[in-house]
Structures are given as C-alpha cells and as structure tokens.
Amino acid sequence: MPSQRRPLVAGNWKMNFDHLEATYFVQKLVWLLRDAHFDFKRCEVALFPSFTSLRSVQVLVEADKLKITYGAQSVSVTTQGAFTGDVSADMIAHLGCSYVIVGHSERRKYHPEDDANIVDQVRAVLAAGMQPILCVGESFEERRQGIELDFAVGQVRDVTRDLNDEQAAKLIVAYEPVWAIGTGMVATPQSAQDAAKAIRDDLGATFGQGVADAVRILYGGSVTSKNAAEMIAEPDVDGFLIGGAALDAEELCTIARLALKTSARK
Ligand code: 13P
C-alpha cells in the first residue's frame, strides 16, 4: 500500500541569512516552485530561519498565501519570565510556526541540551500546538562500534517515554548521523532506511501501528540533489532535513521536485 505520509522537505538554515536575505530567498524559492507547477498537496516544503527572520517569513507567507510552512530551530523549555535570551513556544507559535526543530546535534554540542532538556522542549512545542522535529543520530564512534541503530532508537525512546499516543503521533523524527552533517559524507540509502525502519518499528511497539504509520521520519546529513532521489525512494524515509543545500533556492527546489516525483512512485 502506498504511504499515506506526505513527504516533507525541510530546510534548516542554521545561523545563516538575515531577514532581508530570508525574504529574498522565500520569494525566489516560491517563484521557482510555482514555475515548476509544484504540487504542495503531495509534498510539503518547510523552512527553518533564525528567530530574527521568522516575522519576515510569516508576513510573506500570510500576505501572499504561500503554501510553504516554517518553524524555529530551537525553543525555551519555560513559558515566560526572567530567562534572558530565551524564546518561548507560545512566542514562536504566535508567528504562525508549524514546527520546531528539537535536539539538533549542534544544539546538543554547543548548548547545555541534554535528554531531559530535549524532553521538556518537545513538551513545550506540543503544548503550544506545534509539532517537534526531533533530531537523533549516532556519531562516528557509535557507527564504528556497530551500535548506530540502537543508539538512534534509544534517543527517540528517551524522549517519547512519557508521551501519550496522541502526542507521539505529532512527532516528526529526523535521523541525522552526526558524521554526515556538513561533511559531504552522506549515509547510504540502505542505512538511512535501516535507521528509519528501526525507529518506526520501535514507535509501533510502544504506541501501536497507527502512530508508527503517522510519524514522518526524515533523513538529514549532506543531502543534495545528487543523492535525494535514491534516499527518498526508501519506504521509511519520508523526506529530508537539509542544511547546506537549503541555502541555495534552486538546489532546494530541485530536491523538493525529486522528493515529490520519487515518493509518488512508492
Ligand atoms: P547538511 O545538509 O549541511 O549536512 O546539514 C544537515 C543538518 O544538520 C540539517 O539539520
């Protein structure tokens, strides 16, 4: 049976583009997609700008009723108060965001974001009516030891442990092996599929088949238009979380078109 999950092509801009560059990018991307008669009903395209650009993206999307979606790259675990520099889930939701990336390996590395903090971020995002994109994935060392599947499954399990079925069904998981991020060393389609399937099977064992079938599982790590089609042809890979290649509107448009075309055949 073909997958009911709508593929998601998500561009994580990380700390790139100010609000003027973001505005220009969105207009260019939408123009390219429109020119290609892109069918947003069959493939979702989402952007993850910096906090400082979210308002500009919202204004564009709402004014022109653009079909792209967008979200933030991180969130505070608290709702309000004396937390200098933090941004709450409600603030993000009020800017029309659908998603928040949670637990990206760069956040885990450069900020004190441990499993407990990531659990709280997931809860904050869900409570504000958005969907978390939970990033998991092994480092080179875990891969060398051959424990990459257990590691990624364990990271998902640690975060979903106390969620109910309804909350778990709202999750999106991004399998992003750390060694593949920004290195040009992309995982093979088979290893992305193995990880996505292991994560999906484990969600099924915990929350039931309905949740396992609903959760979209993305691959991230050196995705480009050269490897995207092969990757998304895999049955459990539902899209991408893209860094470097998402800073080029033409490249992102090409990846989105490949994702739509290839996943239509699954
Ligand atoms: P690259 O696509 O640049 O490898 O980055 C992947 C990533 O970290 C997306 O969140």
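The values are calculated or read from the model by the stated rules, or taken from the named source; none is laboratory data. Quantities reported herein were computed from a predicted structural model and do not represent experimental measurements. Reconstructed Cβ throughout: ideal geometry from the backbone, glycine too, with neighbour counts over all protein chains shown. Accessible surface is based on the protein model in full, side chains and every heavy atom, while ligands, DNA and RNA are left aside. Shrake-Rupley method; radii C 1.70, N 1.55, O 1.52, S 1.80 Å.
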Q: Only residues of the range 161-197 count here: report those whose backbone N is under 20 Å from the spot 7 Å along Cα→Cβ of GLN4, or say none.
A: 164-173, 197
**Q.** Pair ASN117, ALA205: separation of 7 Å Cα→Cβ label points (nm)
**A.** 3.0
Q) Sorting VAL87, VAL59 by accessible area (1.4 Å probe), largest first, what list results? A) VAL59, VAL87
Q | ASP165, ASP238, ranked by accessible area, largest first (probe 1.4 Å) | A | ASP165, ASP238
Q | FRET efficiency estimate (nearest 0.05) - Cβ-Cβ, GLU141 to HIS94, R0 41 angstrom | A | 0.50
Q | Net dipole in debye of the chain [+1 Lys, Arg Cβ; -1 Asp, Glu Cβ; about Cα centre; nearest 20] | A | 800
**Q.** LEU247, LEU260, reordered so the largest accessible area comes first (probe 1.4 Å)
**A.** LEU247, LEU260
**Q.** Helix-only [θ]222 nm of the chain, DSSP H runs n ≥ 4, -39500 (n - 2.57) each, per residue, nearest 500
**A.** -13500 deg cm²/dmol
Q. Taking +1 at the Cβ of each Lys and Arg and -1 at the Cβ of each Asp and Glu, which of VAL156, ILE118, GLY184 sits farthest along the dipole of the range 109-266 towards its positive end, judged by Cα position relative to the Cα centre?
A. GLY184
Q: Evaluate the distance, in nm, between pseudo-label points positioned 7 Å from the Cα of ALA214 and of SER50 along their respective Cα→Cβ axes.
A: 3.6
Q. Loop-only check: which trypsin sites (Lys or Arg not before Pro) in the range 135-219 are DSSP coil with at most 13 other Cβ within 10 angstrom?
A. ARG161
Q. Points 7 angstrom from Cα along the Cβ direction at ASP86 and LEU20: gap in nanometres?
A. 3.4
Q | the chain, relative contact order in percent, only Cα pairs under 8 angstrom and at least six apart counted | A | 21
Q: Could you please report the charge total around ALA249, scoring K, R as +1 and D, E as -1 over all other residues with beta-carbon less than 14 angstrom from its beta-carbon?
A: -2
Q. In the range 56-136, which trypsin sites (Lys or Arg not before Pro) fall in coil by DSSP and have 16 or fewer other Cβ atoms within 10 Å?
A. LYS65, LYS67
Q: With a 1.4 Å probe and every protein chain kept in, tell me what percent of the accessible surface of the chain is carbon plus sulfur.
A: 53
